[in-house]
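This report refers to the structure that appears directly beneath it.
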Amino acid sequence: MSLIELRNIHKSFGNNHVLQGLDLTVEPQETHVIVGRSGEGKSVLLKHLAGLLPPDSGQVIVADKHLYEDPEALRWVRNNVAMVFQMAALFDSLTVFENVAFHYLENGGKTLAELQRMVDKLLELVDLPDTGHLLPAELSGGMRKRVGLARALAAEPEIILYDEPTTGLDPVTSEVINELIIRVSEQEHVTSVVITHDMKSAYGVGDRISMLYDGNIVFSGTPDEVRTSTNPIVHQFVNGLAKGPITTGEDEQVKSRAIELMEMREQAAGKRA
């Protein structure tokens, strides 16, 4: 039985119909990668899974719970789903230790000695031992992303959502992050959803890869099936070809920025309500 299921999801921001009847399933303990161009709505999709953005219509089902129809389901997601943000989203004024332990520092439940053991273990897992005293400004981009992952793991989630985990990183550091995603999946037995446009990363970490295009999942399969797909959209994207059904231009950048701004406004309106 699928752990995550999206059924006929529609989401619009103004005149931008971003998700158009999207269907997606994610199996327990798999790493499912979602690829697509900038502005296709990958981050919008991820925020639906995180309980941050409700669909206009359709169902988001996580662990057999209808996320936006049952208040208990939303509480379950808050406690069992963690997100690793694109820019790590660390608290600049807090040390690495305080960032990783933030959930428990805010809510209590552990002694300082227990927190120290937990943070040391997580920093060891992400290959950052003895960094608890540092501030985010003292870390490289790759180190910040690893601290973000350690913070996500502190809550012992069943599901981890990764938003463009290798964006802005050099090839060597990107490979370190890819290997870390695989290691965390194997050691912690979590289900992972990764959004990216980096096909090297997608092939490296994914058990299954789905392509988002024009508001829908147009193909889903194993890395080998994606690599050898004859679907013209998939073939053009994964091979980085200029010619094909996918068009590029400034209109896509404008669309991407418009979606981002309207998404921020919708979230702000929700908080005020």
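Any read-out appearing in this document is the output of simple, stated calculations on the displayed coordinates, not a laboratory observation. This one's a predicted model, so the numbers in the text were calculated from it and none came from an experiment. Quick reminder, even Gly has a Cβ in these numbers, built from the backbone with ideal geometry, and neighbours come from all protein chains shown.
Which value at 222 nm does the chain reach when only helices count, each DSSP H run of 4 or more adding -39,500 (n - 2.57), with the total divided by all residues and rounded to the nearest 500 deg cm²/dmol?
Result for the chain: -13000 deg cm²/dmol, rounded to the nearest 500.
Once label points are set 7 Å from the Cα along Cα→Cβ at both Ser57 and Phe102, what is their separation, rounded to one decimal in nm?
Output for this residue pair reads 3.7 nm.
Quick check: the angle from helix 250-272's long axis to the longest principal axis of the chain, C-alpha only, nearest 10 degrees?
Tilt of helix 250-272: around 50 degrees.
Calculate the tail of P(r) for the range 165-252: the fraction of all Cα-Cα distances greater than 23 Å, expressed in %.
29 percent
List the residues, sorted by chain then number, that are 5 or more residues from Leu19 or on another chain and whose placed amide H is less than 5 Å from its amide H.
Lys11
Please report how many Lys pairs in the range 4-272 have alpha carbons closer than 25 angstrom, counting only residues at least 8 apart along the chain or sitting on separate chains.
24
Taking 30 Å as R0, compute the FRET efficiency from the Cβ-Cβ separation of Glu186 and Thr247 and round it to 0.05.
After rounding to 0.05, the efficiency reads 0.15.
Based on the Cβ-Cβ distance from Glu138 to Val172, what FRET efficiency comes out when R0 is 22 Å, to the nearest 0.05?
Step by step, r from the Cβ atoms, then E = 0.65.
How much length is gained on full extension from Glu5 to Asp120, taking 0.36 nm per residue of separation minus their Cα-Cα distance?
37.9 nm
Percent of Cα-Cα pairs per 5 Å bin, from 0 to the last occupied bin, for the chain, please list those.
Once binned at 5 Å, the Cα pair distances of the chain give 1, 6, 12, 16, 18, 17, 14, 9, 4, 2, 0, 0.
Set Lys and Arg Cβ to +1 and Asp and Glu Cβ to -1, take the dipole of the chain about its Cα centre, and tell me which of Val184, Thr196, Val26 lies farthest positive.
Farthest towards the positive pole: Thr196.
So if I place +1 on the C-beta of Lys and Arg and -1 on the C-beta of Asp and Glu, and nothing else carries charge, what would the dipole magnitude of the range 79-207 be about its Cα centre? I want it in debye, nearest 20.
Using only the charged Cβ atoms, the result is roughly 120 debye.
Which whole-Hz ³J(HN,Hα) couplings does the range 212-228 yield from phi under the Karplus relation 6.51 cos²θ - 1.76 cosθ + 1.60, θ = phi - 60°, glycine and proline marked x?
Residue by residue, the range 212-228 yields 9, 8, 6, x, 9, 7, 9, 7, 8, x, 5, x, 5, 5, 5, 4, 9 Hz.
Tell me, what ³J(HN,Hα) does each residue in the range 27-36 have, in order and in whole Hz, if you take phi through Karplus 6.51 cos²θ - 1.76 cosθ + 1.60 with θ = phi - 60° and put x for Gly and Pro?
8, x, 6, 8, 9, 10, 9, 10, 10, x
With +1 on each Lys and Arg Cβ and -1 on each Asp and Glu Cβ, and nothing else charged, work out how big the dipole of the chain is about its Cα centre, in Debye to the nearest 20.
500 debye
List the residues, sorted by chain then number, that are 5 or more residues from Tyr68 or on another chain and whose placed amide H is less than 5 Å from its amide H.
The answer is Val60.
Kindly write out, for the range 121-137 in residue order, the coupling ³J(HN,Hα) from the Karplus curve 6.51 cos²θ - 1.76 cosθ + 1.60 (θ = phi - 60°), rounded to whole Hz, with x marking Gly and Pro.
Values per residue, Gly and Pro as x: 5, 5, 5, 5, 4, 9, 6, 10, x, 6, 10, x, 7, 7, 9, x, 5 Hz.
State, as an integer percentage, the relative contact order of the chain based on alpha-carbon contacts under 8 Å between residues 6 or more apart.
25 percent
Which of Pro55, Pro136, Phe219 sits farthest toward the positive end of the charge dipole of the chain, with +1 on the Cβ of Lys and Arg and -1 on the Cβ of Asp and Glu?
The one lying farthest along the dipole's positive direction is Pro55.
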